[in-house]
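Enquirer: My questions all concern the structure below.
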Amino acid sequence: MTAEQEVQSAGLMQQAQAGDQAAYASLLILLTSATRQFARARLGAVPWIDDVVQETLLAVHRARQTYDPGRPFAPWFYAVASSRMIDVIRRERRVTSRELPGDVLPEPIVEETSGRDEIDVEAIHAAVASLPPRQREVIESLKFQDHSVREVAGRLRMTESAVKVTAHRGYKTLKRLLRGRRHED
Amino acid sequence: MRTDELIVELARSAGPVRRLPNPSIRFARWTAASVPLIVCGVIVIGPRADVVTAVSQPTFLAIAATTIATSLLAAASALVLAIPGAEQSPFQQRMAPLIAGSAWAIGLAYLLTTEGASARRLLEWPFHLLCLIEIVGLGLIPGFALLSMLRRAAPLQRAWSGALAALAAVALGAAATQFLCPLDDPAHQLVGHLFPVVGLSMLGALAGRRYLNWMNP
C-alpha cells in the first residue's frame with residue numbers, strides 16, 4: 001500500500017465509520033487489490049487467493065469499529081489481512097491433508113446392491129420437500145445446486161456457522177424421514 | 001459469492017459504527033470499575049483480623065504490589081492486543097504481565113527458601129479451597145467485564161487475549177484474597193494463591209479461543 005493509498009484508505013474508513021456506504025464500497029475495492037497483492041507476494045499464485053481476499057474484507061467489515069483515525073491505517077489493515085491469511089492457509093492445509101489425488105485413489109469396490117439399498121431419488125426429493133422451509137432451502141442450495149457454504153450464507157443472509165447447523169439439522173430430519181419410509185416399505 | 005458481490009453486500013449492510021475508544025481509555029474504565037468493586041468485595045466478606053499489622057509489613061506490600069501489577073499489566077495488554085495493529089512489540093506487550101507475574105512467583109519462592117524447610121512445606125500442599133473460591137469469586141465480575149470489552153474489539157490472538165484477561169481478573173482476585181486470608185506462609189501463597197492464578201489463566205486461553213471468535217460471533 002503506497003503512502004497515498006494509505007491516506008486515502010484512512011479517509012474512506014473514517015467516512016465509512018460515519019455510515020457513508022459509497023465511501024465504504026470504494027474502500028473495500030481499494031482493499032481488494034491491496035489484499036490480493038499482499039497475499040500474492042507471500043503465497044504466490046495459489047488458487048485460493050480470492051478466499052484470502054474475501055475473508056479479509058469480511059474481517060475489515062466486522063472490525064471496522066476498532067480503527068482509530070488517529071493511528072496509521074496500514075498496520076491496522078495488514079494485521080487483519082495477515083491474520084485472515086494465516087487462517088485460510090490453515091484451513092487449506094487441513095483440507096489438502098485429508099484429500100487424496102485422483103490417481104492414487106483405490107479402485108472402487110462394486111458390490112451388488114439389493115433393491116432395498118438402492119437410492120430412491122424420488123423419495124429423497126419428497127423428503128427434502130417436506131423439510132421446514134429454512135432447512136429445505138439450505139439443503140437444496142448445498143446439495144442440488146452445488147453452492148458452497150459461503151455462497152448459501154451470503155444468499156440467505158445467514159452466517160456460515162448457521163448454514164452448517166441448519167444443514168446438519170436438515171440431514172438428521174431427512175435421515176429420520178427416510179428411515180420411517182423404509183420401515184413403511 | 002464473487003468478491004464484487006460481497007463488496008456490494010457489505011457496503012449495503014454497513015451503517016454508522018461507534019468507534020471503540022483508545023485502549024488506554026478502556027483500561028482506565030476497566031480499572032475504575034474493577035478496583036472499587038474488589039475493595040467492596042473485601043469489605044463485604046470481611047478483611048483478616050490483623051489487616052492493619054499486615055499492611056505495615058514490607059513483604060506483604062511487595063507481594064500485593066506485584067500481584068496488582070500483574071493484573072493491571074495483563075488487562076492493559078489484553079486490551080491493546082484486541083485492536084489490530086496496536087501492539088507495539090509482541091515481546092514488550094505480552095511479556096510485561098508475565099514478567100510481573102514471575103516477580104510475584106520469585107518473591108514468594110525467595111521468602112519460602114529463606115524461611116527454611118521449603119520442600120517439606122511445599123509437599124504438605126497447603127491448599128485451601130476457600131482461597132480458591134475467593135480468588136474466583138472476586139475476579140468473576142472484572143473477568144466478565146474484560147471479556148465483554150474484548151469481544152467488542154477484534155482480538156486477533158484469541159488464546160493470548162483470553163489468557164491475559166483471565167490473568168488480569170484472577171490476579172486481582174488473588175490480590176484481594178491476600179487481604180482476606182490470614183495465612184502469610186509463602187508455601188500457602190504459592191500453592192493456594194499463585195498456582196490457581198496460573199491454572200485459571202491457562203483455562204482462560206482455552207476460553208479465549210472459543211469465546212473470542214469475533215469473526216463468527
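Enquirer: If each residue's Cβ is checked for other Cβ atoms within 10 Å, how do A:PHE77, B:PHE195, B:PHE27 rank with the fewest at the top?
Expert: Ordered from fewest to most neighbouring Cβ atoms within 10 Å, A:PHE77, B:PHE195, B:PHE27 come out as B:PHE195, B:PHE27, A:PHE77.
Enquirer: Moving to a separate point now. Step through the residues of segment A:43-55 one at a time and calculate ³J(HN,Hα) from phi using the Karplus curve (6.51 cos²θ - 1.76 cosθ + 1.60, θ = phi - 60°), rounding each to whole Hz and writing x for Gly and Pro.
Expert: Using θ = phi - 60°, the values come out as 10, x, 8, 7, x, 9, 4, 4, 5, 4, 4, 5, 4 Hz.
Enquirer: Which order results if A:THR2, B:THR66 are arranged by neighbouring Cβ count within 10 Å, fewest first?
Expert: Listed from fewest to most nearby Cβ atoms, that is A:THR2, B:THR66.
Enquirer: Would you work out if segment B:66-166 is rounded, prolate or oblate? Take a ≥ b ≥ c from the square roots of the eigenvalues of the alpha-carbon gyration tensor; rounded if a/c is under 1.5, else prolate when a/b is larger than b/c, oblate otherwise.
Expert: In terms of gyration-tensor shape, oblate.
Enquirer: Now a separate question. Note the angle between two axes, namely the Cα long axis of helix B:23-45 and the longest principal axis of the Cα atoms of chain B, as a number of degrees from 0 to 90, rounded to the nearest 10.
Expert: 40 degrees
Enquirer: Turning to a different aspect of this structure: Return the ratio Rg/(2.2 N^0.38 Å) for segment A:1-54, where Rg is computed over Cα atoms only.
Expert: Numbers: Rg = 12.5 Å, N = 54, 2.2 N^0.38 = 10.0 Å.
Working it through for segment A:1-54, the quotient is 1.25.
Enquirer: On a 0 to 90 degree scale, rounded to 10, what angle separates helix B:129-152 from the longest Cα axis of chain B?
Expert: 20 degrees
Enquirer: Here is a further query. Across peptide A:25-32, how many C-beta atoms of other chains are within 10 Å of each residue C-beta, on average?
Expert: Partner Cβ neighbours, averaged per residue: 4.
Enquirer: Right, something else. Please state the equivalent ellipsoid semi-axes for segment A:1-99: what are the square roots of 5 times the Cα gyration tensor eigenvalues, largest first, in whole Å?
Expert: One finds semi-axes of 26, 13, 11 Å for segment A:1-99.
Enquirer: Per residue of A:50-56, count partner chain C-beta atoms within 10 Å of its C-beta, then hand back the mean as an integer.
Expert: Other-chain Cβ atoms within 10 Å of each residue's Cβ, averaged: 2.
Enquirer: Separate question: With no solvent and one equal point scatterer per Cα, compute the Debye intensity ratio I(q)/I(0) for segment B:1-44 at 0.16 Å⁻¹ and report its log10, rounded to two decimals.
Expert: With no solvent term, the Cα-only Debye profile gives -0.63.
Enquirer: With axes computed from alpha carbons, what is the tilt in degrees of helix B:158-178 against the longest principal axis of chain B, rounded to the nearest 10 within 0 to 90?
Expert: Roughly 30 degrees, rounded to the nearest 10.
Enquirer: Where does each of A:LYS175, A:LYS164 land when they are ranked from fewest to most other beta-carbon atoms within 10 angstrom?
Expert: By the 10 Å Cβ count, ascending, the order reads A:LYS175, A:LYS164.
Enquirer: Could you give P(r) for segment A:49-96, binned at 10 Å from zero, as whole percent values over all Cα-Cα pairs?
Expert: 27, 48, 20, 5, 0
Enquirer: Which ³J(HN,Hα) values in Hz, rounded to whole numbers, follow from the phi angles of segment A:131-143 under the Karplus curve 6.51 cos²θ - 1.76 cosθ + 1.60, where θ = phi - 60° and Gly and Pro get x?
Expert: 6, x, x, 5, 5, 4, 4, 5, 5, 4, 5, 6, 9
Enquirer: Need one number: convex hull volume per residue for segment B:1-82, Cα atoms only, in Å³.
Expert: 155 Å³
Enquirer: Now for a separate question. Report Rg/Rh for the protein assembly as shown, rounded to two decimals, where Rg is the Cα radius of gyration and Rh the Kirkwood radius.
Expert: Over the Cα atoms of the protein assembly as shown, Rg/Rh equals 1.10.
Enquirer: Follow-up question, since we're still on this one. Quick one: in segment B:94-217, what % of C-alpha pairs are over 22 Å apart?
Expert: 39 percent
None of the figures in this text is laboratory data; all of them are computed from the coordinates on show. Only a predicted model underlies this, so the values are computations on that prediction, with no experimental measurement involved. FYI the Cβ positions are ideal-geometry reconstructions off the backbone, even for glycines, and counts take in every protein chain you see.
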